[in-house]
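Let me begin by presenting the structure, written as structure tokens, before commenting on it.
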Amino acid sequence: MSDDILVSVEQVSRFYGPIRAVDGVSFEVRRGEVLGFLGPNGAGKSTTMQMITGNLAPTAGQIKIHGIDILDEPKRAKAEIGFLPELPPLYKELNVDEYLTYCARLNKIPAAKVAAAVDNAKQRCGLTQMHKRLIGNLSKGYQQRVGIAQAIIHSPAVVILDEPTVGLDPIQIREIRALIRELGGTHSVILSTHILPEVQAVCDRVQIINKGQLVLSDTIDGLSRRMEGSSVLVALRKTVELDALGTLPGVSSVDALGDNRYRIHFAKDQNPAEALVEKSVQQGWGLYELTPERMSLEEIFVNITRTDEAATETAA
Ligand code: ATP
């Protein structure tokens, strides 16, 4: 249902003179989705976020927030967005209540509803106990919660978080991730991060931007399938001919690694493990190790962004 599409980015570009910071990017985010937005430095993430939040006009293309065109009706569209920038705009000399009350007013929440909005944001972000503390005296993790509280104070449809866990300790990171997952239940969340395990921990979908263009867009399940390896590591007691392994069904090639260890590459969905075990028993190869190899998200990320670079260089 189109009502469920809370962010729609269509063929959006932003050029700075000859630099194509964002070049023909299209994507959608639905209600209840957490989208991980990844890319190497300078790929165009911040520029894209700035355009979605209405702080930067696209050179071309259309952005709609909850169906509202951000260029035609910027005020209405912006009211549907909560943004936590990389450096949250916190006033350290205010306490939590004062700051969130100020943010509620900035977001034009009617006076009679400000106290309830502040209470709700504090409760959702685990700040209720901290309400009288000066923001400057809070730990970095709690300051980040305040940053998220200001982003959701007006119950926006879409919450955009730019590197929300940078500089936090592992316990704070877990807490903020749990909070992001919870936000994903009621809002659409776009999470920009460099921390790849974070994407797997909290996102439903992931997209990678490189040199201004989207180079991958997939669900986390789809990503897991991409990560499924296409090789197994095998160790045998006996030395065998490479051909004996290479002729197993589905095997595309075999690397000898020394000491009777082999890496067996196989075609998609044709893992030869069972056939290998059977044959090893028949032939007395003494199979004592069989380890499936998986790609990490980091490898996928590096492969995609590097291949793209190589392709660009070749083209140049
Ligand atoms: P990072 O992760 O380092 O923040 P990013 O993915 O957010 O990177 P952007 O900040 O969007 O990348 O930048 C994309 C490209 O546009 C870069 O080449 C950058 O140098 C260029 N760029 C960004 N802002 C401007 C500007 N105001 N003037 C000229 N070029 C710019």
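Key figures for this structure:
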quantity	calculated
Tabulated pairs, segment 32-47, first touching a residue at least 60 places away in the same chain (Cβ under 8 Å), second among the aromatic types (Phe, Trp, Tyr) and surrounded by fewer than 24 Cβ atoms within 10 Å (Cβ to Cβ), C-beta under 7 angstrom, 6+ apart or interchain	Leu38/Phe301
Scope segment 15-50; condition away from the ligand (no atom under 14 Å from the Cβ), open to solvent by 70 Å² or more (accessible area, probe 1.4 Å) and assigned to a loop (DSSP other than H, G, I, E, B); matching residues	Arg31
The listed residue being within 23 Å of the chain's Cα centre (by Cα) and either crowded, with 18+ Cβ neighbours inside 10 Å or not assigned by TED's automatic domain parsing to the domain that holds Leu191 (or both), out of Glu98, Glu175, Glu93	Glu175
From the options Lys108, Lys132, residue that is in contact with a strand residue (DSSP E or B) (Cβ under 7 Å, 6 or more places away or on another chain), part of a loop (DSSP other than H, G, I, E, B) and surrounded by fewer than 16 Cβ atoms within 10 Å (Cβ to Cβ)	Lys132
Residue within segment 107-120 that is touching a His at 6+ places or on another chain (Cβ under 7 Å) and within 19 Å of Pro85 (Cα to Cα) present	yes
Unique match (being within 16 Å of the ligand (Cβ to nearest atom) and open to solvent by less than 10 Å² (accessible area, probe 1.4 Å)) among Leu183, Leu214, Leu191	Leu191
Inter-residue pairs, beta-carbon under 8 Å, first within 21 Å of Glu274 (Cβ to Cβ) and in segment 209-236, second within 16 Å of the ligand (Cβ to nearest atom), 6+ apart	none
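The values are calculated or read from the model by the stated rules, or taken from the named source; none is laboratory data. Here the structure is a predicted model, which is why all the values come from computation and not from measurement. Note: ideal-geometry Cβ built from the backbone for every residue, glycine included; neighbour counts use all protein chains shown. Note: accessible area is taken over every heavy atom of the protein model, side chains too, but ligands, DNA and RNA are not part of it. Shrake-Rupley method; radii C 1.70, N 1.55, O 1.52, S 1.80 Å.
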